[in-house]
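Chemist: Here's a structure for you.
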Amino acid sequence: MLFSFYAKWMTAWETSLTTRDTNRVVRPLEWGFDWLDNFAAGKTAETIPVDEMTALNKEIVRRSHDFFAYNAPQDFRLESRQQELFPTNVRPETLAQEAELKRQARAGESEPAQFLRFTSPVRTPYPENDQVNARWYPAAESLSSSSDAKLDKPKQAIIVMPQWNADAISHNALCTLFNRFGISALRLSKPYHDIRRPAELERSDYAVSANIGRTIASCRQAVVDIRSCLDWLQSEGYTQFGILGTSLGSCYAFIAAAHDPRLRVCAFNHASTWFGDVVWTGQSTRHIRAAFEQAGLTQDRVRQLFLGISPMSYMARFAANPRQVLVVHAKYDLTFLPEFSQDVIANFDRSGVNFVSKILPCGHYTSGETPFKYIDGWYLGSFVYRSFRKLAEDRIERYAD
């Protein structure tokens with residue numbers, strides 16, 4: 001009886017959070033072949049778009065090494081500026097938070113922050129989106145614990161990928177926590193998010209939308225941007241790397257790790273196997289599903305249309321390299337249904353991935369609410385600390401041998 005009441009209460013709370021924003025837009029289905037350049041070169045006027053896009057996704061999976069390949073950026077630079085919010089909703093409390101940040105900046109009450117900027121190797125029609133943005137949190141040596149200092153720790157860094165439609169300060173607290181462990185952090189703005197968002201948008205809609213090709217290209221850009229950040233970190237002397245991704249960020253993080261063995265510590269905060277299943281069943285993507293239904297598509301078809309950016313397509317590639325992995329999912333998640341997260345866990349187990357699983361007693365959006373955000377933060381923070389410490393210890397042992 002008590003558990004039934006709790007489940008109903010949590011479902012109602014989760015639903016209220018996913019329906020409070022009123023600026024979601026139902027846009028018509030677009031195939032978006034023009035976003036996939038040479039991978040769509042074989043399309044002709046006689047082909048059936050849904051079949052052609054399905055075949056194109058299979059080709060992306062088959063040639064994923066080429067699809068996610070890139071030329072390393074040559075214009076890495078650090079930029080100092082005041083932190084802004086770049087909200088994706090128009091709720092009064094959000095607008096008040098944005099106004100307060102601007103007031104603090106005008107009054108000189110806030111310190112400028114450092115941001116890594118460079119031109120993304122993947123180009124789009126939006127210049128602002130193509131300038132990658134990552135807030136830089138370098139760890140000070142003095143913040144390392146005395147026990148860690150004895151390890152003669154290598155330089156370690158983690159890339160943090162927030163959720164879809166995150167504002168520009170989401171997950172910043174995690175970065176400051178990692179700094180206390182002696183781990184530097186890059187909080188990466190995903191394509192079409194915060195300062196990278198085109199002026200025509202209120203939300204980060206172009207990252208995931210009913211334009212299939214653009215959604216796939218956005219993932220491609222995110223993965224390449226992550227790998228480019230690793231290049232910069234290496235140039236700064238860092239040798240051990242991790243990644244933390246939440247929701248959509250976890251999808252990007254997984255695919256990046258599957259194609260880049262440098263990522264040895266991986267924390268997936270909400271995870272799923274098939275991109276299309278999340279779009280079809282999730283509360284936060286119901287406006288995209290509406291566009292697909294209007295076009296006569298089904299869940300099975302949508303799954304095939306997003307094979308190229310589905311973590312499940314790269315499970316074997318991910319499992320081929322040794323890593324320490326955390327999967328956090330929520331028991332009452334209405335965006336990444338628990339069955340999809342359990343499928344991730346089952347596949348990790350079958351593939352021999354070294355992973356830890358944690359379950360939150362809440363939903364997708366409520367994991368950002370008190371008290372659940374502190375439980376989630378504990379899971380993520382303690383895992384990242386232990387995993388990087390083990391990497392350092394293993395390095396010491398190798399050198400000792």
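Chemist: Could you work out the local net charge near residue 331, counting Lys and Arg as +1, Asp and Glu as -1, over the other residues with Cβ closer than 14 Å to its Cβ?
Modeler: For residues surrounding residue 331, the net value is -2.
Chemist: Determine the calculated [θ] at 222 nm for the chain from helices alone, applying -39500 (n - 2.57) to every DSSP H run no shorter than 4 residues and normalising by the residue count; nearest 500 deg cm²/dmol.
Modeler: Counting only the DSSP helices, I get -13000 deg cm²/dmol.
Chemist: So which trypsin sites (Lys or Arg not before Pro) in the range 24-85 pass both tests, a DSSP loop state and at most 14 other Cβ atoms within 10 Å of the Cβ?
Modeler: 63
Chemist: Let me ask you something else. Take the alpha-carbon positions of the range 310-401, form their convex hull, and give its projected area averaged over all directions (one quarter of the hull surface) in nm².
Modeler: 6.8
Chemist: Listing 8, 153, 190 from the residue with the fewest other Cβ atoms within 10 Å to the one with the most, what is the order?
Modeler: Fewest-to-most Cβ neighbours within 10 Å comes out as 8, 153, 190.
Chemist: If you don't mind, there's one more thing I want to ask. Find out how many positive minus negative residues lie around residue 164, taking Lys and Arg as positive, Asp and Glu as negative, among other residues whose Cβ is under 10 Å from that of residue 164.
Modeler: With Lys, Arg at +1 and Asp, Glu at -1, the net is +1.
Chemist: Mind putting a number on the dipole of the chain about its Cα centre? Charges go on the C-beta only, +1 for Lys and Arg and -1 for Asp and Glu, and I need it in Debye to the nearest 20.
Modeler: About 560 debye.
Chemist: Please pull out the direction-averaged projected area of the chain, using the convex hull of its alpha-carbon atoms, in nm² to one decimal place.
Modeler: So the Cα hull casts an average projection of 21.3 nm².
Chemist: Related question: Which entries of 58/331; 8/358; 153/331; 190/358; 190/373; 190/390 show an alpha-carbon separation above 27 angstrom in the structure shown?
Modeler: Flagged as over cut-off: 58/331; 153/331; 190/390.
Chemist: Tell me the label-point distance for the pair residue 77, residue 298, using the 7 Å Cα-to-Cβ offset, in nm and rounded to one decimal.
Modeler: Rounded to a tenth, the inter-label distance reads 5.3 nm.
Chemist: Translational D (Stokes-Einstein, µm²/s) of the range 186-295 at 37 °C and 0.692 mPa s when Rh comes from the Kirkwood sum over C-alpha pairs?
Modeler: Diffusion coefficient, whole number: 219 µm²/s.
Chemist: Please compute, for the alpha-carbon atoms of the range 1-119, the extent along each of the three principal axes and give them in descending order in Å.
Modeler: Largest to smallest, the principal-axis extents are 58, 57, 28 Å.
Chemist: Follow-up question, since we're still on this one. Could you tell me which residue out of 125, 216, 83 lies farthest along the dipole of the chain toward its positive end? Charges go on the beta carbon: Lys and Arg +1, Asp and Glu -1, centred on the Cα centre.
Modeler: Positive-most Cα among the choices belongs to 83.
Chemist: Can you list which of the DSSP-assigned H helices in the chain have a Cα extent of 18 Å or more along the long axis and an average Kyte-Doolittle score of at least 0.0?
Modeler: Taking the DSSP H segments of the chain (at least 18 Å long, mean hydropathy at least 0.0), we get 2-18, 212-235.
Chemist: Still on this model: For residue 317 and residue 69, calculate 0.36 nm times their separation in residues minus their Cα-Cα distance, and state this gained length in nm to one decimal.
Modeler: Here the answer is 87.8 nm.
Coordinate-derived values only; no laboratory data. Just so you know, these numbers come straight off a predicted model, no measurement behind them. Glycine gets a Cβ as well: all are built from the backbone with ideal geometry, and neighbour counts include every protein chain shown.
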